[in-house]
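K.L.:
So that we are looking at the same thing, I have put the structure below in structure tokens.
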Amino acid sequence: MIRCTRYLMPTTKETPSDAEVVSHRLMLRAGLIRKVASGIYTYLPAGLRVLRKVERILREEMDRAGAQEVLMPAVVPSELWRESGRWDAYGKELLRFRDRADREFCLGPTHEEVITDLVRREVRSWRQLPLNLYQIQDKFRDEIRPRFGLMRGREFFMKDAYSFDADDESAAESYRKMYDAYCRVFRRMGLDFRAVEADTGNIGGSSSHEFMVIADSGEDAIVSCVSCSYGANVEKAECTPQAGAAAAAPGAGPARKVATPGKRTIGEVSEFLGIDPASLIKTLLFETSAGDVAVLVSGVFDVNEVKVKNHLGADWIRLAGEDRVRELSGAPSGFAGPVGLPVRTIADHSVQAIAAGATGANERDAHLVDVVPGRDFAPEAYADLRTVSGKDPCPRCGAALRFSRGIEVGHVFRLGTRYSEAMRAVYLDPEGKERVAVMGCYGIGVGRTAAAAIEQNHDGDGIVWPISIAPFEVSVIPVNVKNRDVVGAAESVGTALTDRGLEVLLDDREERPGIKFKDADLAGIPVRVTLGEKNVAAGFGEVRDRKTGETLRVELSMLAAETVALVERKKAECAP
RNA sequence: CGGGACGUGGCGCAGCCUGGUAGCGCAUCUGCUUUGGGAGCAGAGGGCCGCCGGUUCGAAUCCGGCCGUCCCGACCA
């Protein structure tokens, strides 16, 4: 049993002005964290208790899934990162420095290199596989813009697991085990989440799923099917090519140039020419590691940079600036078009469906109309290059898609042999032949998960923790600490609850009741036991549910039992 | 990295334009009263006004540089 008078949990009525999102604000106000530098925090006792609860669930589920815990260093020598090729590829997010002997190191933002190095040294035989190792460890990423408290910090705790298998089939099984373990983890935390298909980004690999906690404040947009189980990050979500692409417009005359003074945007051009935006061919110029590329898409859709990047197999991609647009198209931005454009061109399927369209003329204040794809220009390829829209059907079953926002709390990847090949993590198969291990990696942000839980579970009074990750399960409040009977009743119920294995915070401060109630609500402790003077004098106490506000007045002799019962009911809500 | 803003007791802010004894609310400490949803009265402590330089008799205030922080964007397992 912990006593408030002996516990550092500095709550505040007012919020520091730099806290933008609910979870950040409430973590500060509830005395869980304090900022040390941008994106870098100290975890106070109650905040650390929450993280430890999350970690315990992670350990239990990782162990249950057959993974073994290790602990790798935060400081990693550059040689390992050079071997995988990421020393140069990772960019400024990787915090680099030198030791006294001028050797280069980085603070690890993720640990594929270190784990692969370990496994290649220790694993020789197919008999040692499959192997799944995990750690819960401090990570550092020098984020461009840290924000939202623990949601996007620079230093943070992460559970990262890495699997090594003999072949693809076995690797798929390891991946499935982790996927299932993740579902159990988030169910045990009482979170409303979706696992969605995602892009693999910098980490690489063949496929991946993100685990998204549904919250309006989420930084990611996701789609999910209202009918089947399909879900995807919008940057990944597949778009079904529209049916009925006409080869040529019946009766479309030759393309001709029209004056469009000052009309640059789809909206302006559409209105000025009286043409449906769906028939406009939007032309975007990109600079990429694979050279300059023009990307075409129907005026009603948006180009998806991730899809373009993947289609090209490029390492990086960025929209060309105004100067580059002039160089490439010979016109200011807003007037680029595929006809006669001396740049490699690819087009989204939506362009194929345009019978006769309008597009920029590569000339200031001019557009072309009656442009026919295939006749007036021929893209190198048609592909899915646009971002899914509200009108798109589910690519799996054709039903409607629902858009929502989510917080990415976990990510699982099938890595394949990218790292094991580059770093020679090989083993001998039963025939004595050398083979490359097939890898997977699996991350969960510990602090971010706690923050996401708050985003999803709070009200006007503060946090409403799911009981499985609450810093305490029960708060016991003697309304007046100068009344001996009240204090005695509080002490005895607190002791009884502690004896039954509950985590109790006793508010023994000499404060007014209002302050204690407000603090208990703010801290989000799921169950509150209140001992008031009149009730105690009459032999009663109260049990209150933080979430619903429901209060039970029960005899002191039954108080502990009722409290335990309520805690058990709340725990049952967090069953895997 | 581009755009914008802000740095004044622990927190939230005023003062700056128009230079002249550094203020308010909350919090903290002491005493008394109060005790079921952030109490009242009385008293007290706490500041290199982000840092460095310049202008001036005199700078929180004007000027320059730097640092830090936040917001928007670009970017991002």
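The values are calculated or read from the model by the stated rules, or taken from the named source; none is laboratory data. Remember, it's a predicted structure, so these values are computed and weren't measured experimentally. Ideal geometry is used to build each Cβ from the backbone, glycine not excepted, and the neighbour counts take in all protein chains shown. All accessible areas refer to the heavy atoms of the entire protein, side chains included, with ligands and DNA or RNA removed. Shrake-Rupley method; radii C 1.70, N 1.55, O 1.52, S 1.80 Å.
K.L.:
Whenever you get a sec, line up A:473, A:562 from highest to lowest accessible area (probe 1.4 Å, protein heavy atoms).
P.N.:
Largest accessible area first, the list is A:562, A:473.
K.L.:
Could you give the nm distance between label points at residue A:176 and residue A:216, where each point is 7 Å from its Cα heading toward the beta carbon?
P.N.:
Output for this residue pair reads 4.0 nm.
K.L.:
Could you check the spin-label model distance between residue A:35 and residue A:302? Points 7 Å from the Cα along Cα→Cβ, value in nm.
P.N.:
It is 2.8 nm.
K.L.:
Using θ = phi - 60° and the Karplus form 6.51 cos²θ - 1.76 cosθ + 1.60, what ³J(HN,Hα) does each residue of segment A:268-274 get, whole Hz, x for Gly and Pro?
P.N.:
5, 5, 4, 5, 5, 8, x
K.L.:
Give the peptides A:432-438, A:299-305, A:475-481 in descending order of average Cβ contacts within 10 Å, highest first.
P.N.:
Answer by packing, highest mean first, reads A:475-481, A:299-305, A:432-438.
K.L.:
How large is ³J(HN,Hα) for each residue in segment A:313-329, as worked out from phi by the Karplus curve 6.51 cos²θ - 1.76 cosθ + 1.60 (θ = phi - 60°), to whole Hz, x for Gly and Pro?
P.N.:
Along segment A:313-329, the couplings run x, 8, 7, 8, 8, 8, 4, 5, x, 3, 4, 5, 4, 5, 4, 7, 9 Hz.
K.L.:
Moving to a separate point now. Within segment A:63-83, name every residue whose backbone N is under 17 Å away from a label modeled 7 Å from Cα of residue A:99 along the Cβ vector.
P.N.:
Residues A:72-82 fall inside that zone.
K.L.:
If you don't mind, there's one more thing I want to ask. Are any of the pairs A:177/A:307; A:35/A:236; A:35/A:516; A:53/A:391; A:53/A:547 more than 30 Å apart by Cα-Cα distance, and if so, which?
P.N.:
A:35/A:236; A:53/A:391
K.L.:
Could you bin all the Cα-Cα distances of segment A:256-383 into 5 Å bins starting at 0 and give me the percent of pairs in each, rounded to whole numbers?
P.N.:
Histogramming segment A:256-383 at 5 Å steps yields 2, 12, 24, 25, 22, 11, 4, 1 percent.
K.L.:
Let me ask something else. Could you pull the Rg and Dmax for segment A:1-71, using just the Cα atoms, both in Å?
P.N.:
Every Cα atom of segment A:1-71 included, Rg and Dmax give 15.4, 46 Å.
K.L.:
Which length gain, in nm to one decimal place, applies between residue A:75 and residue A:187 when the Cα-Cα distance is subtracted from 0.36 nm times their residue separation?
P.N.:
Result for the pair: 37.0 nm of gain on full extension.
K.L.:
Quick one: net charge around residue A:16, please, counting Lys, Arg +1 and Asp, Glu -1 for every other residue with C-beta under 15 Å from its C-beta.
P.N.:
+3
K.L.:
If you don't mind, another one. Report the gain in length on full extension from residue A:381 to residue A:397: 0.36 nm times residue separation, minus Cα-Cα distance, nm rounded to one decimal.
P.N.:
3.2 nm
K.L.:
Okay, next question. Can you tell me the orientation of helix A:556-572 relative to chain A, as the angle in degrees between its alpha-carbon axis and the longest Cα principal axis, to the nearest 10?
P.N.:
Roughly 20 degrees between the two axes.
K.L.:
If N is the number of residues in segment A:482-576, what value comes out of its Cα radius of gyration divided by 2.2 N^0.38 Å?
P.N.:
1.04
K.L.:
So how compact is segment A:271-316: Cα radius of gyration and Dmax in angstrom?
P.N.:
Just the Cα atoms of segment A:271-316 yield Rg and Dmax of 12.8, 40 Å.
K.L.:
If I take every Cα pair under 8 Å that is 6 or more residues apart in chain A, average their sequence separation and divide by the length, what percent do I get for the relative contact order?
P.N.:
17
K.L.:
Sort by residue number and report every cysteine in chain A with no other cysteine beta carbon within a distance under 4.7 Å.
P.N.:
For chain A, the answer is A:4, A:106, A:183, A:239, A:441, A:574, because their Cβ atoms have no other cysteine Cβ under 4.7 Å.
K.L.:
Find the eigenvalues of the gyration tensor of the Cα atoms of segment A:415-565, then list the square roots of 5 times those eigenvalues as equivalent ellipsoid semi-axes, largest first, in whole angstrom.
P.N.:
Equivalent ellipsoid of segment A:415-565: 51, 17, 12 Å, largest first.
K.L.:
Is it possible to state the helix-based mean residue ellipticity at 222 nm for chain A, with each DSSP H run of 4+ residues giving -39500 (n - 2.57), the sum divided by total residues, to the nearest 500 deg cm²/dmol? What is it?
P.N.:
Calculated at 222 nm, the ellipticity per residue is -8500 deg cm²/dmol.
K.L.:
While we're here: Under the Kirkwood approximation for Rh and a Cα-based Rg, what ratio Rg/Rh is obtained for segment A:449-504?
P.N.:
Ratio of gyration radius to Kirkwood radius: 1.11.
K.L.:
A further question follows. When ranked by the protection proxy of mean other Cβ atoms within 10 Å per residue, highest first, what sequence do the peptides A:102-111, A:544-553 form?
P.N.:
Result, highest mean first: A:102-111, A:544-553.
K.L.:
Mind pulling up the Rg/Rh value for segment A:370-469? Radius of gyration and Kirkwood radius, both on Cα.
P.N.:
1.19
K.L.:
Treat each spin label as a single point 7 Å out from the Cα along the C-beta direction, and report the residue A:125 to residue A:327 distance in nm.
P.N.:
A separation of 6.0 nm, rounded to one decimal place.
K.L.:
Here's something else I'd like to know. Given a Förster radius of 22 Å and the C-beta distance between residue A:435 and residue A:59 as r, what FRET efficiency does 1/(1 + (r/R0)^6) yield to the nearest 0.05?
P.N.:
After rounding to 0.05, the efficiency reads 0.10.
K.L.:
Once the Cβ-Cβ distance between residue A:538 and residue A:461 is put in as r, and R0 is 30 Å, what FRET efficiency do you end up with, to the nearest 0.05?
P.N.:
0.60
K.L.:
Give me the three principal axis extents of segment A:15-165 from the C-alpha atoms, as integers in angstrom, largest value leading.
P.N.:
57, 42, 25
K.L.:
Once you treat every alpha carbon in chain A as an equal point and sum by Debye, what is log10 I(q)/I(0) at q = 0.08 Å⁻¹?
P.N.:
Those come out to -0.70, one per q.
K.L.:
Also: To the nearest 0.05, how large is the calculated FRET efficiency for residue A:42 and residue A:569 if R₀ is 35 Å and r is the Cβ-Cβ distance?
P.N.:
For R0 = 35 Å, the calculated efficiency reads 0.50.
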